1. Quick one: putting +1 on the C-beta of Lys and Arg, -1 on the C-beta of Asp and Glu, what dipole do you get for the range 143-184 around its Cα centre, in Debye to the nearest 20?
2. For every other residue with a beta carbon closer than 12 angstrom to the beta carbon of residue 125, add +1 if it is Lys or Arg and -1 if Asp or Glu, then tell me the sum.
3. Dipole of the range 66-145, Cα-centred, from +1 at each Lys and Arg C-beta and -1 at each Asp and Glu C-beta, to the nearest 20 debye?
4. Where does the charge balance sit around residue 97 when Lys and Arg score +1, Asp and Glu -1, over other residues with C-beta under 12 Å from its C-beta?
5. Extending each Cα 7 Å along its Cβ direction at residue 26 and residue 99, get the distance between those two points in nm, one decimal.
6. For the range 167-182, what does the Karplus curve 6.51 cos²θ - 1.76 cosθ + 1.60, with θ = phi - 60°, yield as ³J(HN,Hα) per residue in whole Hz, taken in order and with x for Gly and Pro?
7. Check residue 147: other-chain or 5+ apart residues with amide H under 5 Å from its amide H, H built from backbone geometry?
8. Please arrange 46, 115, 156 by counting, for each residue, the other beta carbons lying within 10 Å of its beta carbon, fewest first.
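Every number here is computed from the coordinates shown, using simple stated rules; none is lab data. Small disclaimer: the values here were computed from a predicted structure and weren't measured. Here the Cβ positions follow ideal geometry from the backbone for every residue, glycine too, while neighbour counts run over all protein chains shown.
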Amino acid sequence: MAKIESSFKNMLLSLFLISAGMSAALGFVYSITKGPIEVANKQKEVRAITEVLPTFDNDPTANVKSIDGLDYYVATEQGKICGFAVKTFTDKGFSGHFTLMVGFKPDGIINNISVLDQKETPGLGSKMKESRFKNQFQGKNPADFELRVKKDGGKVDAITAATISSRAFCDAVQKAYDGYMQNLKPNTIQMPSDSIVSDTTNLPKGGQ
């Protein structure tokens with residue numbers, strides 16, 4: 001009986017040592033990969049901002065503004081605001097959460113949209129990344145362009161056999177627009193002192 005007890009204790013000790021070793025190894029790998037992952041994510045974010053905005057000459061990521069889960073970026077060219085990018089999300093996708101970067105011109109018109117992360121069904125909901133679907137939002141102002149699929153009375157052509165994903169995409173864009181109108185009014189934008197905006201005449205005048 002004592003022999004069995006001793007074996008059981010040895011087994012527990014072995015499991016503890018193995019678990020401790022694995023935890024240490026995982027912690028070591030995380031510490032090594034954390035930096036490169038953050039750099040890669042930053043580069044992905046910058047590429048998306050560049051894709052959705054008009055030409056700019058500042059670094060919009062240097063003064064990101066985060067409110068209620070959305071990130072806001074102000075782009076300028078020669079000291080004048082030329083656009084805004086909003087990193088938005090939805091939890092209504094067929095596979096749940098996905099994120100977009102939506103670019104707006106100063107008058108509220110959508111310039112372009114980039115899909116940052118999604119896990120929708122390949123060949124169906126994943127087609128949200130294709131220009132054929134995304135381009136229908138370009139040049140549209142959500143103030144008069146109903147961001148709902150046509151099946152729901154809106155103006156958006158849904159992806160064939162992926163209505164849920166299409167609705168979720170619209171939800172994320174609408175969330176970006178609502179946040180843009182609420183948080184990027186002239187009196188709420190605080191530019192850094194070395195990048196003072198000299199012309200705000202074309203900024204949105206508030207309201208949703």
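1. Working: 6 positive and 6 negative charges, 27 e Å.
The calculation lands at about 140 debye.
2. Values: positive: 92, 119, 127, 129, 167; negative: 120, 130.
Residues close to residue 125 contribute a combined charge of +3.
3. On the way: 10 positive and 9 negative charges, 55 e Å.
In total the dipole reaches around 260 debye.
4. Working: positive: 92, 119; negative: 91, 117, 120, 171.
Around residue 97, the charge tally is -2.
5. Placing both labels 7 Å along Cα→Cβ, they lie 2.2 nm apart.
6. Couplings: 4, 5, 4, 4, 4, 5, 5, 4, 4, 5, 5, 4, x, 4, 5, 7 Hz.
7. So residue 147 has HN proximity to no qualifying residue.
8. Values: 46 14, 115 19, 156 22.
Least to most surrounded, the residues fall as 46, 115, 156.
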